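Here it is, the structure, as structure tokens.
The values are calculated or read from the model by the stated rules, or taken from the named source; none is laboratory data. Please read these numbers as outputs of a predicted model, since none were measured by experiment. With ideal geometry, Cβ positions are generated from the backbone for all residues, glycine too; neighbour counts draw on all protein chains shown.
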Amino acid sequence: MKNFIRKLKRSQQCLSTATKSTAKASTDSKVEIVNEFLEFEEILKFFETKQVSKKENLLEEGQTCRYHYFVLNGLLRKFFINEKGIEQTTEFAVETWWLTDNIAYEHKLPTEFYIQALEKSQILYISQDNQEKLLKAFPKMERYFRFVYQRAYAAAQNPRKALFTIW
């Protein structure tokens, strides 16, 4: 009987330790989630939000490209008008995709493209100055934007295939 009581006490101690460990892990996990949420809220302060109507242009040929656009919902396209006056679409951006004229954005140059909503859309957008501030405040965002640019480059390499396979 004494043996049984000792084993029972040991198992209660183990259970108690396991319960405390699980509770701590759960608490740590929740604290981490709260911290990530608070950090995300801070990150969002670098962006602006905009509702865009169908056929509304965010960027037009000749304008300086000042923003990088992120599609929360809706659909954007980037296009140019060729010498015959025909619109030539070069890229699409669906939900959770980024779109800009990368060269014009990076060098603050006038663009040769249009960026237009193909349907009512909600977007986040960030200026180059705010993006630089964001990267200084949150260095891990450097890696995120590196992936964004890698995806954009890959999509430019083979746009039709990328639309169906990369993401």
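Based on this model, can you work out whether Gln116 counts as within 22 Å of Glu60 (Cβ to Cβ) and modelled with pLDDT under 95?
Taking the combined requirement at face value, the residue does not satisfy it.
Still on this model: Which residue pairs have Cβ atoms under 8 Å apart, sit 6 or more places apart or on different chains, and have a first residue in the stretch 139-167 that is modelled with pLDDT of 85 or more and a second that is in a helix (DSSP H, G or I) and charged (D, E, K, R)?
No pair meets every condition.
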